[in-house]
Amino acid sequence: MAGEPTINPYAPPAASIEPVGGPVPVEDRFDRPLFSPRQIGVAAFFGSVLAGVMLLQANFRVMRRSGAANKTLVLGALVTFALIVVLQFVPRGVSTPINIAIALTMSKLAESLQGDDFFRHTIAGGAKRSNWLVFGIIIGTLVVLITTLVAIGIVAHLASHTE
C-alpha cells in the first residue's frame, strides 16, 4: 500500500474554525462580564423587582450607559415601592401570579434593552456574570427588603399604641 495517503489523527483540523460570517469583531465585547436576561428574570422572581433592576443597571454601567443606569435605578425603586404598597391590598393567593408576571416582564425588558448587546458580547468571547453572584444579590436584596418591611411594621405598631 505504498501509494495511499497517510492520515495523521493527531494533526489539527484543516477546516477553518472561523464563524460563518467571518471573525467576530472584538469591539463588541465589553471590559467586564454582563448579566444575562435570564439571570435578571431569575433575580426579579426570587429577589423582587429591586434585584432585577440592580442587575439591569449594572449591565448599563458595564456598557458605559450611565444615563440609562441611573434612570433604571430610579424607576426600579419607584416600581418596587409601588408594588409593596399594591401587594398590601391584594389577597394572598394573587401575589404569586403577580411575582411570576414581574419576573417574565423583567426578563423580556432586559432582553429588549440589552439582549443584542449581551449576545454580541458573548459571541465576541465576553464573559457572563456568575450565577453565584446572582444568588448573593438575591439573598442580599431579600434581607434588605424584609428588614425594611419589619422596621416599617414595628414603627406602625408603636405609632398605633401611642395614640
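The values are calculated or read from the model by the stated rules, or taken from the named source; none is laboratory data. Note that the structure is predicted; figures quoted are calculated from it, not measured. Because the Cβ atoms are built from the backbone with ideal geometry, glycine has one as well, and the counts that use them run over all protein chains shown.
For region 79-87, indicate whether the set of residues that are of a type outside the set (Phe, Trp, Tyr) and touching an Asp or Glu at 6+ places or on another chain (Cβ under 6 Å) is non-empty. Scanning region 79-87 turns up no residue that is of a type outside the set (Phe, Trp, Tyr) and touching an Asp or Glu at 6+ places or on another chain (Cβ under 6 Å). Answer yes or no: is there a residue in region 144-155 that is surrounded by 15 or more Cβ atoms within 10 Å (Cβ to Cβ), within 18 Å of the chain's Cα centre (by Cα) and not in a loop (DSSP other than H, G, I, E, B). No: zero hits. Just one of (1) farther than 27 Å from Phe30 by Cβ; (2) part of a helix (DSSP H, G or I) fails for Leu109. It is (1). Scanning region 93-152 for residues that are under 19 Å from Phe81 (Cα atoms) and polar (S, T, N, Q) turns up Ser95, Thr96, Asn99, Thr105, Thr141, Thr147, Thr148.
For (1) outside any helix (DSSP H, G or I); (2) without any contact (Cβ under 8 Å) to a residue 60 or more places away in the chain; (3) not β-branched (Val, Ile, Thr), each residue gets a yes or a no:
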position	(1), (2), (3)
Phe81	no, yes, yes
Val90	yes, yes, no
Ile100	no, yes, no
Ala103	no, no, yes
Gln114	no, no, yes
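Residues in region 123-139 that are part of a helix (DSSP H, G or I) and touching a residue at least 40 places away in the same chain (Cβ under 8 Å): 6 in all.
Would you point out the residue of region 80-121, among those that are among the β-branched types (Val, Ile, Thr) and buried (at least 17 other Cβ atoms within 10 Å of the Cβ), that is nearest to Ser36 (Cα to Cα)?
In this case the residue turns out to be Ile102.
Total residues in region 122-141 satisfying the condition of being surrounded by fewer than 15 Cβ atoms within 10 Å (Cβ to Cβ), in contact with a strand residue (DSSP E or B) (Cβ under 9 Å, 6 or more places away or on another chain) and at pLDDT 90 or above: the figure is 1.
In region 56-72, what count of residues is obtained for those that are in contact with a Leu (Cβ under 9 Å, 6 or more places away or on another chain) and either charged (D, E, K, R) or part of a helix (DSSP H, G or I) (or both)? Even if it seems obvious, please write down each step before you answer.
Initially, region 56-72 is screened for residues in contact with a Leu (Cβ under 9 Å, 6 or more places away or on another chain), giving 56-60, 62-63, 68-69, 72.
Okay, now just the ones that are also either charged (D, E, K, R) or part of a helix (DSSP H, G or I) (or both), so 56-60, 62, 68-69, 72.
Of the residues in that region, 9 qualify.
Within the span defined as region 94-108, every residue fails to be under 12 Å from the mean Cα position of the chain (by Cα) and either modelled with pLDDT under 85 or of a type in the set (Asp, Glu) (or both).
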